[in-house]
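The values are calculated or read from the model by the stated rules, or taken from the named source; none is laboratory data. Here the structure is a predicted model, which means the values were calculated and not measured. Reconstructed Cβ throughout: ideal geometry from the backbone, glycine too, with neighbour counts over all protein chains shown.
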Amino acid sequence: MCFFDPQYRGVLDKLKYGNEGKKRGRARAQLEQMNEETIITFIKEINRILKPSKYLFLWVDKFHLVEGVKPWLINTSFKLVDMITWDKQKIGMGYRTRRKSEYLLILQKEPIKAKATWSLHDITDVWSEKVDKTHPHQKPLELQKKLILATTKEGDLVCDPASGSFSILKVCELTRRKFIFALSFKWIKQS
């Protein structure tokens, strides 16, 4: 299975706050950005390496949820099978409504199977979890742990090519899964 939290620019380019790189946005602005072509390349490679019926957990914000990620999935075997809304329990920025959530698209590589590939049934479609910010894109550790336990077995390989804070590595260590990632030395020291 694989988690992917691409460092996209879509919402930043659309909203044009004008304060990118200042105060709260400084850490995010310093991250290497992924353009659409790079994101598509990553997803195609994830599709190539995942076994049939395995999962891709794709993090997106409201902008990408509404605008759509279908172009990212062209020429892959992924089908959208579910979605989790993560209530971050912390208010963010926004011109109209203030952002307080992110979205986890649950994609499964064909053939689609539920009972044979998902073992836990206590994961809700709205997940509330506050996180300590060690990285600008810190994700909920307990949710990720539940998803890994639900879709893998001890010794299975878990992929996170945009590791960021390495929270998936932490969960893999706790649950005895193997971990593979793309290197980002800057954040290894802080994690």
Can you work out which of the residues in segment 46-69 that are surrounded by 12 or more Cβ atoms within 10 Å (Cβ to Cβ) and aliphatic (A, V, I, L, M) is nearest to E36 (Cα to Cα)?
-> V69
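Of the residues W72, W86, which single one is over 13 Å from the mean Cα position of the chain (by Cα), aromatic (F, W, Y), surrounded by 18 or more Cβ atoms within 10 Å (Cβ to Cβ) and within 27 Å of V126 (Cα to Cα)? Working first, answer last.
Values: W86 fails: over 13 Å from the mean Cα position of the chain (by Cα).
It is W72.
Taking only segment 117-141 into account, find how many residues are in contact with a Pro (Cβ under 7 Å, 6 or more places away or on another chain) and at pLDDT 95 or above.
First, the residues of segment 117-141 that are in contact with a Pro (Cβ under 7 Å, 6 or more places away or on another chain): 127, 129, 131.
Narrowing further to those that are at pLDDT 95 or above: 127, 129.
Number satisfying all stated conditions: 2.
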Of all residues in segment 126-150, which are outside any loop (DSSP other than H, G, I, E, B) and acidic (D, E)?
-> E142
Counting just the residues of segment 91-132 that are exposed (fewer than 11 other Cβ atoms within 10 Å of the Cβ) and of a type in the set (K, R), which one comes out farthest from the chain's Cα centre (by Cα)?
-> R96
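Residues that are of a type outside the set (S, T, N, Q), touching a Pro at 6+ places or on another chain (Cβ under 8 Å) and without any contact (Cβ under 8 Å) to a residue 40 or more places away in the chain: list the helices (runs of 4 or more DSSP H) wholly contained in segment 26-112 that include at least 2 such residues. Steps first, please.
Values: elements: 26-30, 36-49, 62-67, 70-73.
Those helices (runs of 4 or more DSSP H) span 36-49.
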